[in-house]
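Chemist: One structure is given below, represented as structure tokens, and several questions about it will come after.
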């Protein structure tokens, strides 16, 4: 399958971004550009992690569709239909 997201890494980046955002009010003007550049880097890393997760989920979904597409549920459907008919006959 594809690249799996590293949830811990994403959480670390989100935490760093939150700390950075909290420190902006107290930051001198000279440090703002550097802080904002770091914020953009963090957002890029977070976005890449999320995209990796979406890609992995899509691949898993396709694999499951292939697996389920090859299965026949006809016997199960028929057995369920028979049970429902019996219940209606007994209750009705």
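The values are calculated or read from the model by the stated rules, or taken from the named source; none is laboratory data. Everything numeric in this text was worked out from a predicted model, so none of it was measured. Virtual Cβ from ideal backbone geometry, glycine too; neighbours counted across all protein chains shown.
Chemist: Just checking, which of 67, 43 is modelled with pLDDT under 90 and either under 30 Å from residue 24 (Cα atoms) or exposed (fewer than 12 other Cβ atoms within 10 Å of the Cβ) (or both)?
Modeler: 67
Chemist: Right, next: Check 79, 57, 48 and return the single one that is farther than 30 Å from residue 8 by Cβ and free of Cβ contacts under 8 Å to residues at least 12 places away in the same chain.
Modeler: Values: 57 fails: farther than 30 Å from residue 8 by Cβ; 48 fails: farther than 30 Å from residue 8 by Cβ.
From the options 79, 57, 48, the qualifying one is 79.
Chemist: Identify all residues within segment 1-48 that are in contact with a helix residue (DSSP H, G or I) (Cβ under 8 Å, 6 or more places away or on another chain) and part of a loop (DSSP other than H, G, I, E, B); write none if there are none.
Modeler: 1, 2, 3, 4, 5, 6, 24, 27
Chemist: For residue 51, which of the numbered conditions (1) part of a helix (DSSP H, G or I); (2) touching a helix residue (DSSP H, G or I) at 6+ places or on another chain (Cβ under 9 Å) fails to hold?
Modeler: The single condition residue 51 does not satisfy is (2).
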